[in-house]
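J.: If you scroll down you'll find the structure; I have some questions about it.
The values are calculated or read from the model by the stated rules, or taken from the named source; none is laboratory data. Not measured: the values here are computed from a predicted model. Counting neighbours? That spans all protein chains shown, and the Cβs are built from the backbone with ideal geometry, glycine included. Heavy atoms of the whole protein, side chains included, go into the accessibility calculation; ligands, DNA and RNA do not. Shrake-Rupley method; radii C 1.70, N 1.55, O 1.52, S 1.80 Å.
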Amino acid sequence: MTAAVQPHHQDMAGLYAGHHRWLLGWLRRRTDNPELAADLAQDTFVRIMMSRRDFYLDEARVLLATIARGLMIDHFRRCALEAAFLEMLAQLPPEHIPSPEARLLVLETLNEIDAMLAALPAKVRSAFLLSQLDGLGYAEIAVRLEVSLSSVQQYMKRAFLACYRVQYGD
């Protein structure tokens, strides 16, 4: 291997100094929000620091952009979920509106569930939602998804395992 493509664990100060300004500009163009861009840039470097992963010097910007894109998507997904939750709360009678602490707990739980669902393969997620939200039986789900009954059973097993991990950890 040549020196340009050999793995190299860059120290965080060097990585930050060499790429922070670029990442910040990249995020500003995509979010149109300087404060959010700054937060996401910091979170991106924290993710890299926490991963303790080696990377190739010539892939630093690709790695930073990939992590930042995921964080940005997660942020906008959380915002949309929070807006939908607040819209639902606005329709409740005042006596049924939960306390700020309860609202925070519900939002945290909704975000965990959303992240869990987003991480599932499409057919697993579809099977789970058809079962849990639409109340369809496994045979109906198999017909709807055009898969075998045993596939639906495997999908549901995988989805319930993901739910278990959200609730109880690994």
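J.: Per residue, what accessible area does the stretch 79-163 have, given a 1.4 Å probe and all protein chains present, in Å²?
T.: For the stretch 79-163, the per-residue accessible area is 64 Å².
J.: How many percent of Cα pairs in the stretch 1-160 exceed 22 Å?
T.: More than 22 Å apart: 62 percent of the Cα pairs in the stretch 1-160.
J.: Can you show me the helix-derived [θ] at 222 nm for the chain, built from DSSP H runs with n ≥ 4 at -39,500 (n - 2.57) apiece and divided by the number of residues, rounded to the nearest 500.
T.: -25500 deg cm²/dmol
J.: What's the local net charge at LEU81, with K and R +1, D and E -1, over the other residues with C-beta under 12 Å away?
T.: Around LEU81, the charge tally is -4.
J.: Quick check: pseudo-label points 7 Å beyond the Cα along Cα→Cβ at GLN91 and ILE113, how many nm apart are they?
T.: Roughly 1.6 nm, to one decimal.
J.: Also: At 7 Å along Cα-to-Cβ for each site, give me the label-to-label distance between GLU82 and ARG52 in nm.
T.: 3.2
J.: Sum up the charges of everything whose Cβ sits under 13 Å from the Cβ of GLU112, counting Lys and Arg as +1 and Asp and Glu as -1, but leave GLU112 out.
T.: Taking every other residue near GLU112 into account, the sum is 0.
J.: Right, here's the next one. Using a 1.4 Å probe over the heavy atoms of the protein chains, calculate the carbon and sulfur portion of the accessible area of the chain as a whole percent.
T.: For the chain, the apolar C and S fraction of the accessible surface comes to 56 percent.
J.: Using the membrane-span-like helix rule (whole DSSP H runs, Cα extent along the own axis of at least 30 Å, mean Kyte-Doolittle hydropathy at least 0.0), which helices of the chain qualify?
T.: 60-90
J.: Which whole-number value in Å³ per residue fits the convex hull of the alpha carbons of the stretch 74-165?
T.: 117
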